[in-house]
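Accompanying notes for the structure given below.
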Amino acid sequence: MTVALTLMLLLTNLPIILKAFFSCNDPHKAESLQNDFTALRANYNGMPLTEAQYFDVELVSKTIVNLKGGKAVDIEGISAEHLQFCHPCLPFD
């Protein structure tokens with residue numbers, strides 16, 4: 001098998017491979033937390049944002065670039081590397 005074909009197969013199956021290795025500790029608790037958040041969010045009004053609290057593409061991009069790699073994934077299975085090496089339609093510097 002050529003290197004290019006091996007790489008293509010790996011990249012094609014990467015989501016399946018990552019899902020097999022990375023999962024939250026308790027899927028039922030994760031679902032419960034998601035449901036609680038969704039229920040609370042529906043009635044949340046919050047305070048109005050001030051100009052100091054606005055964020056833009058540049059701030060998000062710099063924040064993602066500065067994330068430390070090799071850390072644990074979040075409850076959704078997203079790691080810093082997922083964000084840093086994702087599809088180029090997301091803007092990065």
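Values computed for the structure shown
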{"quantity": "Residue-by-residue Karplus 3J(HN,Hα) for region 68-76, coefficients 6.51, -1.76, 1.60, Hz, glycine and proline x", "calculated": "7, x, x, 9, 5, 6, 7, 5, 8"}
{"quantity": "In order through region 35-45: 3J(HN,Hα) via Karplus (6.51 cos²θ - 1.76 cosθ + 1.60), integer Hz, x for Gly, Pro", "calculated": "5, 4, 4, 4, 5, 5, 5, 4, 9, 7, 9"}
{"quantity": "Cα-based helix-to-principal-axis angle, 3-21 vs the chain, degrees rounded to 10", "calculated": "40 degrees"}
{"quantity": "Mean Cα-pair separation over length for the chain, i.e. relative contact order, pairs under 8 Å, 6 or more apart, %", "calculated": "30 percent"}
{"quantity": "Cα coordinate range in the chain, projected on the principal axes (Å, largest first)", "calculated": "58, 37, 21"}
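Laboratory data are not the source of any read-out in this text; all were calculated from the coordinates shown. The structure presented is a predicted model; accordingly, all values stated were derived computationally and were not measured.
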